[in-house]
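The values are calculated or read from the model by the stated rules, or taken from the named source; none is laboratory data. If you're wondering where the values come from, they're calculated on a predicted model, not measured in any experiment. All Cβ positions, glycine included, derive from the backbone under ideal geometry; neighbour counts span all protein chains shown.
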Amino acid sequence: MRACPVCESEMLAKFASECEAPVAWSCPECGLFQLETGGRPFTAEERAAILTIAPQVGTERHAAPAWRGHAAVQAREILETFGSDVPVDVEGLAERLGYPVSWRSLPRTTRGAVAGDADHPVLILNRDYPFRADVERRWAVAEELAHAVLGHGTLVASEDPGRTPVLLEPARQVREREAKTFAAELLMPAAKVRLVFQREQPIILRALGSEERAQAVHTVIADLAREFKVSQQAMRIRLAELDLLT
């Protein structure tokens with residue numbers, strides 16, 4: 001038996017073969033779909049398993065879509081493997097996964113990148129980028145770690161004259177959305193955010209009138225942002241994604 005890390009319901013095992021251990025777990029209550037990858041990138045076989053197994057979950061759950069994207073699942077598995085105390089030590093986590101963080105000069109508008117080769121990968125932060133706060137630096141590390149773990153490789157925003165692009169704009173946008181999803185789950189794990197929000201929610205419930213409620217919501221967001229060491233904007237978006245700000 002495995003308990004869902006989001007809603008604590010009993011999860012259902014998914015098998016690629018009756019003779020082997022489960023390759024995935026699904027939660028019929030909240031729709032979490034979890035592969036047994038241990039935090040490493042998905043293999044081609046695992047991606048194929050997602051396409052064949054994930055649709056089954058839709059008939060098992062009672063509400064929202066079951067498959068929420070492999071980026072969030074990867075982040076959850078990493079946290080389960082290496083621990084998920086908040087605020088998450090994102091640089092220490094990257095180091096343990098084999099992606100040390102290094103500061104180098106990059107084009108001024110670039111926050112970070114993934115460099116090195118398969119044997120010596122490195123997450124690069126731009127020493128010339130004007131990071132406004134520590135929370136922005138932490139988010140940049142989480143996004144670059146996402147690109148590395150998800151196997152995105154080098155990204156090109158647009159086609160340079162006389163050069164074949166590595167990745168065209170539509171595909172780049174998909175990769176960036178995946179990286180943001182991964183970073184959000186890594187720095188603001190859904191299960192932890194729900195628990196902390198439940199503790200803070202009485203502040204909102206006691207508010208009278210729209211103006212007082214707006215101030216209460218702002219207070220709760222600020223409290224959670226400090227606890228998870230993320231920006232208030234990132235926390236507001238996360239709470240909205242989790243349908244906690246209704």
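Taking the listed residues ARG177, ARG132, ARG172, ARG137, the one that is surrounded by fewer than 20 Cβ atoms within 10 Å (Cβ to Cβ), at pLDDT 95 or above and closer than 24 Å to GLY112 by Cβ is ARG137, with no other qualifying. Beta carbons closer than 6 Å, at least 6 apart along the sequence or on distinct chains, pair a first residue in segment 198-218 that is in a loop (DSSP other than H, G, I, E, B) with a second that is of a type in the set (A, V, I, L, M, F, W, C) for ALA207/ALA216. Counting the residues of segment 95-112 that are more than 16 Å from VAL135 (Cα to Cα), buried (at least 18 other Cβ atoms within 10 Å of the Cβ) and aliphatic (A, V, I, L, M) gives 1.
Output yes when any residue across segment 149-167 is buried (at least 17 other Cβ atoms within 10 Å of the Cβ), closer than 24 Å to ALA225 by Cα and at pLDDT below 95, and no when none is. Scanning segment 149-167 turns up no residue that is buried (at least 17 other Cβ atoms within 10 Å of the Cβ), closer than 24 Å to ALA225 by Cα and at pLDDT below 95. Segment 70-132 holds strands (runs of 3 or more DSSP E) entirely within its bounds, and those carrying 3 or more residues that are not aliphatic (A, V, I, L, M) map to 101-104.
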